[in-house]
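Visitor: I have a structure I would like to understand better, so I am pasting it below and will then ask my questions one at a time.
The values are calculated or read from the model by the stated rules, or taken from the named source; none is laboratory data. Bear in mind the structure is a predicted one, so any value in this text is a computation, not a measurement. Don't worry about glycine lacking a Cβ; one is built from the backbone with ideal geometry, like all the others, and counts go over all protein chains shown. Note: areas computed on protein heavy atoms with side chains; ligands, DNA, RNA excluded. Shrake-Rupley method; radii C 1.70, N 1.55, O 1.52, S 1.80 Å.
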Amino acid sequence: MAAPDTTQCPDTWPERYARLLQASGLDRAAVLARALAPASGEQQALFSLAQCLDQPALLIDQVARDYPHAGDASALRAQLSVLQQDLALSVIAPLTLRLFLHGRSHLPDPASIFLAPPGQGVQASARWFHVANGDPVDETRFIRSLARLASDWYPVFRKSFRVSPGAYWSSIGLGLGAPFSAVWNLAEPDALCDLAQRWLDESGSEASQFIDWIPAVFSGQRAAIPQRKGCCLKYLLPAGGYCGTCGVYRKERLAALTHQRAST
């Protein structure tokens, strides 16, 4: 009689995430269902991401038309950088949330990612949307394929749209970190930061080099935040300002964290 197979399969990321939430009395399905924005109905598409990657002038000309302030090179670069962040948050984030919810998710095929006219998204600033195409894939294929796609897109965003490496990869990291951002002030901060950082490290992309998840204190409450090492340049836009994850305050937050740990 053959000996029983005692080999255990490694935990999936949804399982690891579920245990993190359970330790804080949270339910994975409920948290992720809330984090996933409802579908905004049929949207008009100007052109696809695939077309932008093949013909960068399409996006440059569209941005110049849609945003009157983007008339000079600096403002145009800032607007394109913020638009790349929107790509990560409007497309990569919900796909990652679905992976953590269902264990499977669709891939962000650039031919199925579209730019909408201004003001049509769930948020006024959202421009990119994704139309699911084909069957969802498992965790291993999702991670491997997404890392390859992000690397494939990078040269165009860097050379044609002048998005800095730090801005590009930290925005990708924010999209990948969406399941953890959903519980930034709900789950135990140290455990959340540790698991979020390991997820980025295992994602196979350059994003882990440009995001640090750190515990922080807001109004006396401990929480966890993804701290960027690159700036999306949103502060240069007319209605800009600094994001909560902005690298402009990175040194200040890390110094405060070091002081906090030394005091405990």
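Visitor: Where Lys and Arg each count +1 and Asp and Glu each count -1, what net charge lies around ARG144 among other residues with Cβ under 15 Å from its Cβ?
Guide: Around ARG144, the surrounding residues sum to -4.
Visitor: Can you give the FRET efficiency for GLU188 and ARG34, using 1/(1 + (r/R0)^6), R0 = 25 Å, r = Cβ-Cβ distance, to the nearest 0.05?
Guide: Taking R0 as 25 Å, the efficiency between GLU188 and ARG34 is 0.85.
Visitor: On the protein heavy atoms, probe 1.4 angstrom, tell me the percent of accessible surface of segment 72-143 carried by carbon and sulfur.
Guide: Carbon plus sulfur share of accessible area: 51 percent.
Visitor: Just to confirm a number: summing +1 for Lys and Arg and -1 for Asp and Glu over residues other than GLY204 whose beta-carbon lies under 11 angstrom from that of GLY204, what do you get? Could you put the intermediate results ahead of the total?
Guide: On the way: positive: ARG144, ARG148; negative: ASP201, GLU202, GLU206.
My count for the surroundings of GLY204 gives -1.
Visitor: Ok, one more. What is the sum of charges around ALA178, taking Lys and Arg as +1, Asp and Glu as -1, for the other residues whose C-beta is under 13 Å from the C-beta of ALA178?
Guide: +2
Visitor: Residue by residue through segment 76-88, which ³J(HN,Hα) values in whole Hz follow from phi under the Karplus form 6.51 cos²θ - 1.76 cosθ + 1.60 (θ = phi - 60°), with glycine and proline marked x?
Guide: 5, 4, 5, 5, 5, 5, 5, 5, 5, 5, 4, 4, 5
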